[in-house]
Amino acid sequence: GGDRVVAFCYNRKQHTFSVAVKQRGLKSANVSGTASIKCCGKEGSGLGMVTLVTGETDGVHRNKLFIGDQALVLEDVKCHGKLIAKKRKRNKSAADLTEVEEEQAEEKNLCGPIKWLDIHHNYEWFASFEVSQTEKMWISQLELSKNIAVQLHAISGLMSVEKPSYALVNALEACVRNKNFYHRVRSEAAIALAKTAGESTNWTGTQVLLKLYREEFFDPDTFSISSTNDKALGIADQLVSHSTSVAIGLLRDEDGHSPQEATDFLQELLKFSPHDGIAYSVDERIVYLLKGIGLLTIESKERLQTCLDRIYQFLQRDAIFNSPGMMISCAC
């Protein structure tokens, strides 16, 4: 089964917000759930409970909701954060008026003191959970939450946004660059950058990913084979660089094809990867670059033949210098 937060509304007078949770699933699952609630669902047992996590102006709060076997649950939850007090000024300049307007618009977008919300099963339910909220709330959830599962859920929500904005691209880029985030979160943010690159942001995600790779992981334009490279990456950065290589292969233009700069960039990385000295495992680095090459959608026959020649070159290399488990041949 699965739970979905279908609606929530802030009540300014009572300083609470009403949330509607819809439960759906197979009929057999509903029957077994009903039987479990009737048999063991005593007060305080925790059976049929989920945790509603809310990010408010004063921090993160957790509230218990009883779902049980009900198809639709309506619950009023008390808010803990406080609203931002409005500042009154008698003599207001044009700059002050602009700031006040921005504060008022921001206050409306935050739905009162609530910046974001998420639903969590505490790893006790065999179910999936969906939350519908605005792009700004997803960004706040990614930036303010310290929980890895909640951060991953925020990235998943950002990927589902129909018309991404530049704020979404900036938030994902900052996540990939921030070494304080868990490497899995940074990797998923890199994949999200590729999947959200579109017309609404003028395909900014393409340039952001290529620039990010050059600045954070490796720049083929400044590399010299004869020089000693002391820029070896840490384990976490290497894992993120692997995912970024795959993300570059997922980039698409308005026609649904891979941009030429993405194709050329991956080929350049493959050219220097055997001796760039930044990875603890050269073979693993080559594998993920080949995976990125395999995800490309190439329209030009010349560029396609160039990629095939590069793949055949590494097949020959793996036949002479066997990689562990023949991983390079499997990637090809």
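Given the Cα-Cα distance of HIS80 and GLU268 and 0.36 nm per residue of separation, how much length would full extension add, in nm? Let's see the in-between values first.
On the way: separation 188, 0.36 × 188 = 67.68 nm, distance 5.31 nm.
Result: 62.4 nm gained on full extension.
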Rounded to one decimal in nm, the spacing of the 7 Å Cα→Cβ label points at ASN178 and LYS291 is 2.5
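At R0 = 51 Å, how high is the FRET efficiency between ILE320 and GLU199 if r is their beta carbon distance? Nearest 0.05 is fine. Let's see the in-between values first.
Numbers: r = 46 Å, r/R0 = 0.90.
It comes to 0.65.
For ALA167 and THR222, calculate 0.36 nm times their separation in residues minus their Cα-Cα distance, and state this gained length in nm to one decimal.
Numbers: separation 55, 0.36 × 55 = 19.80 nm, distance 3.05 nm.
Stretched fully, the ALA167-THR222 segment lengthens by 16.8 nm.
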Using 0.36 nm times the number of residues separating LYS301 and SER132, minus their current alpha carbon distance, what extension gain do you get? 56.6 nm
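Just so you know, all these numbers are worked out from the coordinates, no wet-lab data involved. Note that the coordinates shown come from a computational prediction; the quantities given were computed from them, not determined experimentally. Cβ atoms come from the backbone with ideal geometry, glycine included; neighbour counts cover every protein chain shown.
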